[in-house]
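Structure first, commentary second.
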Amino acid sequence: MTKVLIIEDDNIFGDMLSLYLTEEQYDVVRVASAGEGLRTLKDYTPHVILLDLMLPDTEGINACALLREFTTIPIIVISAETKVSERIQSLSEGADDYMVKPFSMQELKARIEAVLRRTTAIQSQIVSPTPASPAADDRVLTLDLARRLLICNGTEIETTYSEFEIMKLLYNNPSKVFSREELINAIRGIDSYINERAIDVHITNLRKKIESNPKEPQYIKTVWGVGYKFMKK
């Protein structure tokens with residue numbers, strides 16, 4: 001079942017979206033602020049996020065840019081803002097689509113499906129095995145600091161700003177244990193939305209991208225009660 005996270009503070013419009021998508025057999029969770037959205041991502045991994053830009057806790061901040069620091073999940077902006085400049089800014093800062101309120105629910109469904117088709121196609125290209133690839137347990141992981149790229153088996157892996165900063169710190173200090181607080185401090189330019197639970201989300205996302213089996217990680221190890229460490233092979 002396709003899972004959708006709606007971040008919308010307008011109760012009437014948010015309930016309308018939730019009801020429609022639920023009736024269309026989507027699994028829906030709705031929250032009313034960007035902060036709640038980030039906390040929800042700890043335990044709920046949606047296939048797509050519907051994001052209102054005008055939220056009570058993002059005044060003066062582009063909500064899409066804020067959210068994109070923490071996740072690569074497809075984002076469809078749903079906004080009453082009609083300015084072309086706002087659309088361009090949101091798309092350039094990580095949105096996958098932009099819809100202006102009011103809009104047709106049928107069109108929303110079509111756009112969700114279109115975004116998911118694109119995402120599925122990209123993921124298939126990335127994970128499809130090739131004869132030349134090393135065995136899963138012999139993955140080669142490198143960092144290209146100049147281009148800010150994480151490379152696994154020769155494939156460039158997309159990361160958010162925060163994911164790369166965390167990976168850089170761990171990678172450059174193999175076997176050293178970092179507390180969550182130390183990892184938070186390593187993410188420069190991020191405001192109060194970053195917290196220990198957000199760090200856990202970043203680590204989970206990184207493991208999905210670099211580990212052959214994220215549930216039994218070989219690179220990023222958990223040190224229970226303390227934090228995380230990176231093991232070079």
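Cross-link partners among lysines for K168, C-alpha distance below 26 Å, same-chain residues fewer than 8 apart left out?
Straight-distance partners of K168: K42, K176, K208, K209, K215, K221, K229, K232, K233.
Considering the chain, what Rg and Dmax in Å follow from its alpha-carbon atoms?
Using the Cα atoms of the chain, the pair Rg, Dmax is 18.6, 54 Å.
Please work out how much length the chain gains when fully extended from D15 to E158, using 0.36 nm per residue of separation minus the C-alpha to C-alpha distance, in nm with one decimal. Intermediate results must be reported in sequence, preceding the final value.
Numbers: separation 143, 0.36 × 143 = 51.48 nm, distance 3.34 nm.
Once the chain is fully extended between D15 and E158, it gains 48.1 nm.
Using 10 Å bins from zero, what percent of all Cα-Cα pairs in segment 71-122 falls into each bin?
Result, from short to long distances: 25, 52, 23, 1 percent.
Describe numerically, in nm with one decimal, the distance between label points set 7 Å from Cα along Cα→Cβ at T204 and at I88.
The two pseudo-label positions are separated by 3.7 nm.
Write out the trypsin sites (Lys or Arg not before Pro) in segment 13-97 meeting two conditions: DSSP loop, and at most 10 other Cβ atoms within 10 Å of their Cβ.
On the way: sites: R30, R39, K42, R68, K83, R87; in loops: K42, K83.
Counting only loop positions with at most 10 other Cβ atoms within 10 Å, the trypsin sites (Lys or Arg not before Pro) in segment 13-97 are K83.
Kindly rank 47-53, 17-23 from highest to lowest mean number of other beta carbons found within 10 Å of each residue.
Sorting 47-53, 17-23 by mean packing, highest first, produces 47-53, 17-23.
We did not get these values from a lab; they are worked out from the coordinates using the rules stated. Given the structure is predicted, the values throughout are model-derived calculations rather than measurements. Note: ideal-geometry Cβ built from the backbone for every residue, glycine included; neighbour counts use all protein chains shown.
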